[in-house]
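Novice: After the structure tokens below, expect a handful of questions from me.
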Amino acid sequence: MNSAGKLLSVIVCAAGPAGEAGRLVTLAQDDGWTVQIIATPPALDFIDAAALEKQTGRPVRSRYRTPGEPKSPRADAIIVAPATYNTINKFAQGISDTYALGLLAEAPGLGIPVVVLPFVNSALAARTAFRRSVEQLRSEGVRVLLGPGEFEPHTPGSGGDLIDAYPWQLALQTLRQA
Ligand SMILES: Cc1cc2nc3c(=O)[nH]c(=O)nc-3n(C[C@H](O)[C@H](O)[C@H](O)COP(=O)(O)O)c2cc1C
């Protein structure tokens, strides 16, 4: 996908790597994207919103606008990273109770490419509900980067040691190939 001057919405969920989301911003900007950060409400506790706003030049969004506020521009592509168990399951089921999920709810129908890079442990990833969610999203054209060579779930309790190795670059590589 040609990214020059296009808008990439990065949805950040409440998992360990969220505090390093600036790394994805740098990679995306190097690819020519204008980046808009959208945080789930719990992710606000994980990120340095002021630093991300400085880096992107845009306010971090977390809530729906009020009816009188102007609409935000529509994204050309969306990356969800780190994507939690919670948000992946809700996205698959069509739940739209946060601003981030509202954007995701419409994206497949609007033809907006969506790349999901999970950060989940093996106990969560083994749940039938989660496996069904991943299949459901893939059947709708969402690229879920879970499996060998992509994100591989870790042993419960070990996530904190794996934040540095989180493969942010895979999400952008996938968009380049989209
Ligand atoms: C310190 C901490 C680390 C967490 N790490 C993860 C994680 O790696 N993966 C995950 O799916 N949930 C993780 N959670 C749980 C999520 O934060 C929780 O399910 C939250 O409701 C997710 O909300 P969101 O999907 O709207 O971001 C963590 C919670 C805390 C407090």
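The values are calculated or read from the model by the stated rules, or taken from the named source; none is laboratory data. What you are looking at is a predicted structure, and each value in this text was computed from that prediction instead of being measured. We place every Cβ from the backbone using ideal geometry, glycine too, and count neighbours over all the protein chains shown.
Novice: Check Glu20 against each of (1) more than 16 Å from the ligand (Cβ to nearest atom); (2) acidic (Asp, Glu); (3) modelled with pLDDT of 95 or more and name the one condition it does not meet.
Specialist: So Glu20 meets the others, but not (1).
Novice: Return yes when Ser122 is surrounded by fewer than 16 Cβ atoms within 10 Å (Cβ to Cβ), over 11 Å from the mean Cα position of the chain (by Cα) and not charged (D, E, K, R) and no when it is not. Lay out the reasoning, then the answer.
Specialist: Values: surrounded by fewer than 16 Cβ atoms within 10 Å (Cβ to Cβ): yes; over 11 Å from the mean Cα position of the chain (by Cα): yes; not charged (D, E, K, R): yes.
Yes: the conditions hold for Ser122.
Novice: Quick one: Arg65 ticks every box in (1) touching an Asp or Glu at 6+ places or on another chain (Cβ under 8 Å); (2) modelled with pLDDT under 95 except a single one, so which number is it?
Specialist: Against the list (1) touching an Asp or Glu at 6+ places or on another chain (Cβ under 8 Å); (2) modelled with pLDDT under 95, Arg65 comes up short only on (1).
Novice: Further question: Looking for something within 13 Å of the ligand (Cβ to nearest atom), in contact (Cβ under 8 Å) with a residue 40 or more places away in the chain and surrounded by 15 or more Cβ atoms within 10 Å (Cβ to Cβ) - is there at least one such residue anywhere in the range 60-80? Even if it seems obvious, please write down each step before you answer.
Specialist: Taking the range 60-80 first, the residues within 13 Å of the ligand (Cβ to nearest atom) are 62-63, 80.
Within this subset, residues satisfying the condition of being in contact (Cβ under 8 Å) with a residue 40 or more places away in the chain are 80.
In the following step, the residues that additionally are surrounded by 15 or more Cβ atoms within 10 Å (Cβ to Cβ) were identified as 80.
Within the range 60-80, one or more residues are within 13 Å of the ligand (Cβ to nearest atom), in contact (Cβ under 8 Å) with a residue 40 or more places away in the chain and surrounded by 15 or more Cβ atoms within 10 Å (Cβ to Cβ).
Novice: Of the residues Ala28, Ala50, which single one is in a helix (DSSP H, G or I) and without any contact (Cβ under 8 Å) to a residue 12 or more places away in the chain?
Specialist: On the way: Ala28 fails: without any contact (Cβ under 8 Å) to a residue 12 or more places away in the chain.
It is Ala50.
Novice: If you check every pair at least six apart or on different chains, which have Cβ atoms under 9 Å apart with a residue in the range 148-159 that is over 15 Å from Gln173 (Cβ atoms) and charged (D, E, K, R) first and a residue that is more than 10 Å from the ligand (Cβ to nearest atom) and modelled with pLDDT of 95 or more second?
Specialist: Glu152/Ser122; Glu152/Leu146
Novice: Moving on to the next point. Among the residues that make up the range 157-166, is at least one of them assigned to a strand (DSSP E or B) and aromatic (Phe, Trp, Tyr)? So that I can check it myself, show each step before the final result.
Specialist: Start the filter on the range 157-166 by keeping residues that are assigned to a strand (DSSP E or B), which leaves none.
No, that holds for no residue.
Novice: Can you find a residue in the range 15-32 that is more than 26 Å from Ala178 (Cα to Cα) and exposed (fewer than 15 other Cβ atoms within 10 Å of the Cβ)?
Specialist: no
Novice: Here is a further query. Within the range 101-124, can you find the residues that are within 11 Å of the ligand (Cβ to nearest atom) and under 21 Å from Gly159 (Cα atoms)?
Specialist: Pro118, Phe119, Val120, Asn121, Ala123, Leu124
Novice: Ok, one more. Could you tell me how many of the residues in the range 157-178 are over 30 Å from Ala4 (Cα atoms) and at pLDDT 95 or above? So that I can check it myself, show each step before the final result.
Specialist: Step one: filter the range 157-178 for residues over 30 Å from Ala4 (Cα atoms), giving 157-162.
Still in the list and also at pLDDT 95 or above: none.
Final tally of qualifying residues: 0.
Novice: Between residues in the range 83-98 that are of a type in the set (Phe, Trp, Tyr) and residues that are outside any helix (DSSP H, G or I) and within 9 Å of the ligand (Cβ to nearest atom), which pairs lie under 6 Å by C-beta distance while being six or more apart or on different chains?
Specialist: Pairs found: Tyr85/Val120.
Novice: Separate question: Name the residue that is farthest from the ligand (Cβ to nearest atom), counting only residues in the range 87-100 that are farther than 20 Å from Ala125 by Cβ and in a helix (DSSP H, G or I).
Specialist: Applying the first criterion (farther than 20 Å from Ala125 by Cβ) to the range 87-100 yields 94, 96-100.
Next, only the ones that are in a helix (DSSP H, G or I) stay: 99-100.
Working: Tyr99: 10, Ala100: 7 Å.
Looking at residues that are farther than 20 Å from Ala125 by Cβ and in a helix (DSSP H, G or I), I get Tyr99.
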